[in-house]
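Below is one structure; the comments refer to it alone.
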Amino acid sequence: MLLIGAIALAVFVLPPALGLAAVTLGIVVELGEVAFWVRFLRRYRVATGSEALIGATAEVIEACDPRGRVRLRGEIWRARCPGGAPVGRRVTVTGVHGLTLEVEAQENGKGPR
């Protein structure tokens with residue numbers, strides 16, 4: 001946007017020498033801004049898919065003995081917990097098989113988040 005403003009200013013208002021300086025400055029600022037945002041945003045990798053669920057904490061809403069249901073990030077999932085988990089217990093996702101989560105009960109997993 002700054003580049004477009006600099007070009008318009010250079011063409012319509014400024015003398016040729018200052019117009020060239022304004023366009024050059026606009027190009028440098030735009031390139032610097034792009035470089036900054038590219039470098040800054042590379043720090044944050046978006047985790048998607050089933051691999052993003054592994055390690056997440058869910059809450060049991062239907063007793064898992066060994067099959068039940070859990071709420072994870074506002075969604076209700078089928079779950080399988082070999083050790084069993086009562087309603088309200090927090091569990092950790094250890095795997096994903098289709099639309100069923102493999103979970104393990106946490107040590108102190110009782111209570112609201």
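So which of VAL96, VAL29 ends up being in contact with a helix residue (DSSP H, G or I) (Cβ under 9 Å, 6 or more places away or on another chain) and not in a strand (DSSP E or B)?
On the way: VAL96 fails: not in a strand (DSSP E or B).
Criteria check complete, one pass: VAL29.
For residues in segment 40-83 being polar (S, T, N, Q) and either in contact with a Ser or Thr (Cβ under 8 Å, 6 or more places away or on another chain) or assigned to a loop (DSSP other than H, G, I, E, B) (or both), which is nearest to GLY95 (Cα to Cα)?
Within segment 40-83, the first condition is being polar (S, T, N, Q), and the residues that meet it are 48, 50, 57.
Filter once more, keeping what is either in contact with a Ser or Thr (Cβ under 8 Å, 6 or more places away or on another chain) or assigned to a loop (DSSP other than H, G, I, E, B) (or both): 48, 57.
On the way: THR48: 14, THR57: 12 Å.
Applying the filter and picking the extreme gives THR57.
How many of the residues in segment 41-71 are at pLDDT 90 or above and either in contact with an Asp or Glu (Cβ under 8 Å, 6 or more places away or on another chain) or within 30 Å of ILE4 (Cβ to Cβ) (or both)?
4
Give segment 35-67 a look and list any residue that's of a type in the set (D, E, K, R) and open to solvent by less than 70 Å² (accessible area, probe 1.4 Å), or say none.
GLU59
Would you mind finding the one in GLU51, GLU30, GLU59 that is charged (D, E, K, R) and within 20 Å of the chain's Cα centre (by Cα)? Walk me through it before giving the result.
Values: GLU30 fails: within 20 Å of the chain's Cα centre (by Cα); GLU59 fails: within 20 Å of the chain's Cα centre (by Cα).
None of the other options fit; the residue is GLU51.
Find all pairs meeting these conditions: Cβ atoms under 7 angstrom apart; at least six residues apart or on different chains; first residue within segment 17-34 and farther than 10 Å from ILE7 by Cα and open to solvent by 80 Å² or more (accessible area, probe 1.4 Å); second residue of a type in the set (A, V, I, L, M) and part of a helix (DSSP H, G or I).
Hits for this filter: LEU25/ALA6.
The values are calculated or read from the model by the stated rules, or taken from the named source; none is laboratory data. Source: prediction; values computed, not measured. Glycine gets a Cβ as well: all are built from the backbone with ideal geometry, and neighbour counts include every protein chain shown. All accessible areas refer to the heavy atoms of the entire protein, side chains included, with ligands and DNA or RNA removed. Shrake-Rupley method; radii C 1.70, N 1.55, O 1.52, S 1.80 Å.
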